Every structure is written in structure tokens, then in C-alpha cells.
1. State yes or no: is Arg119 among the basic types (Lys, Arg), in a helix (DSSP H, G or I) and either free of Cβ contacts under 8 Å to residues at least 60 places away in the same chain or more than 29 Å from Asn133 (Cα to Cα) (or both)?
2. If I ask for residues that are open to solvent by 100 Å² or more (accessible area, probe 1.4 Å) and under 30 Å from Leu72 (Cα atoms), which ones from segment 93-131 would you list?
3. Name the pairs whose Cβ atoms lie under 9 Å apart, with the first residue in segment 160-171 and aromatic (Phe, Trp, Tyr), the second at pLDDT 90 or above, and 6 or more positions between them or separate chains?
4. Within segment 4-60, track down each residue that is assigned to a strand (DSSP E or B), open to solvent by less than 30 Å² (accessible area, probe 1.4 Å) and at pLDDT below 85.
5. Quick check on this structure: which one of Glu150, Glu140, Glu87 is in a helix (DSSP H, G or I) and touching a residue at least 40 places away in the same chain (Cβ under 8 Å)?
Amino acid sequence: MGYGKSRGRGGEYEYFFCLGRHTGRTSCDLPYISVEKLEDAVLQEWYAKGWLSTEDLAQTRLAAIAAIDEYLDSSKALLAQQSKRLEVLARKKQKLIDAYLDDALSADDIRARQTEVQREISDARSLLLSAENDRLQMLERLDTVLNALEHAAKLYERGNDTTKRSLNQALFDYFEVDYEDEAGQPLGEARQDGACRVEAALTAPVAAVRALRGAEPEKPGTRASCTGSGRWLQSADRGVASEG
């Protein structure tokens, strides 16, 4: 969708329009839509899908952590295995020192054997760190998504165009825009007496988190007369404009 301005009746009017229709590339019949109507419809989608209550957040966090731990069962096994390996290597290292002190090993022998043991210890520690970091990174990303779902709708409503653009791209994969009458039937051509309808699809990480609470949003309907599926981008002057 593109953005434009026009003058008439003593004022300046801002509007969005389908680029496909404007260039003749598509048969889209979506009329020009006032910026105010479209942004109001987008805001409704934010409050319908772009946030979770405090209770939902707490329960979602618990469900997500359980899902992460289940997913990382192999990492748990690896942690236990490498921890046990480190214990064995520590004992082996001590035995080498004892043998050297008892003159059972020469300095050259113990140096070579200690080098090998130290190499194994470094490998075990590296595997441990990798397994621990996997879980930490997932938890950090979970916190990022949950914090966004707790505050983003209000931030969006109060934000400037740049903020709105960033938030739209962070939480929503795309929006579908249509115009419909009071009965919910699509309106064709350039009629301006209808209501703007927007249906949004969440990005995969956000949708996955919401699904943990059984709050997976409906997929966009097929009634949209302007079927572009690009992410919403900031035009030169506005915060909500889409690639058709």
C-alpha cells in the first residue's frame, strides 16, 4: 500500500491506496482509505492480538519454560554426561600428580599426559557451556517476546511513526486490509461509506508464545480484496504503510 495527500474542501487529507490497483498490476478494487480509518483498524488489531494480560503472561512464561526444558532434554543429558566426565578427569589429573610425586612418572611423561587430560577438560567445559547457553538464550528471547506482549500495544498507541513501524515489524508478519459495509460484506470500487477492516498475522515467535496459552490468533481471512502480503513499512511520512 502507498501513502498520499490531497487537498480539498479547505483542508489536506491523508490516505492509503493499493499500489497494485494504482499501477494496474492487479485487479484489486480496494478504495482509497483515510489514514485515520486505517490506523484505527490497525490499533484494534494490536489490542486484539498484540498484548497479553499479567495473568496470561505469568502462565505463558511457566508453560514456555516447561516447553523449553522438554525441548532441551538432550542438553540435560549432555550436561549430566559432561559434568560426570569432568569429575573423572579431575581425579585422573590428581592421580598423575600423585604418580609424579611418588617418582612413578618422569617429568616428560606427566607433562604429555597432563596436556591430554587438560585438552579433554577444555572440551568438556566447552560442551557444558554450549548446553547452558542454549537454554539461557531461549529464556532471554522468551523474556523479550513476553515483555513486548505486555507493553507493546500501549507503546504503539502512544508512539510516533518510527516507533509504530518498528513495533509492527516486530510483532506482525503482515496485515490484510479490506473495506466492508455494516453487515460485514466487502465493498468494491471507491465507496467511502464503509468500515476499514484489518486482519493481522503475528510473527512466528509471537504466535508460538501466544499458542502456549491457547491464544493463537485466527489466520487472516480470504475476503481481503487487496491481497498484498508484504510487511508493513514506514512511508516517507507515515508509520503504517505496506509493501503490496
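1. Here the answer is yes, as Arg119 does meet what is asked.
2. Arg119, Arg125
3. From residues that are aromatic (Phe, Trp, Tyr), there are no pairs.
4. Gly8, Gly11
5. Glu150
The values are calculated or read from the model by the stated rules, or taken from the named source; none is laboratory data. Because the structure is a prediction, the values reported are computed rather than measured. Positions of Cβ are backbone-derived with ideal geometry, glycine not excepted, and every protein chain shown enters the neighbour counts. The protein model used for the area step is the full one, side chains on, heavy atoms only, and it has no ligands, DNA or RNA in it. Shrake-Rupley method; radii C 1.70, N 1.55, O 1.52, S 1.80 Å.
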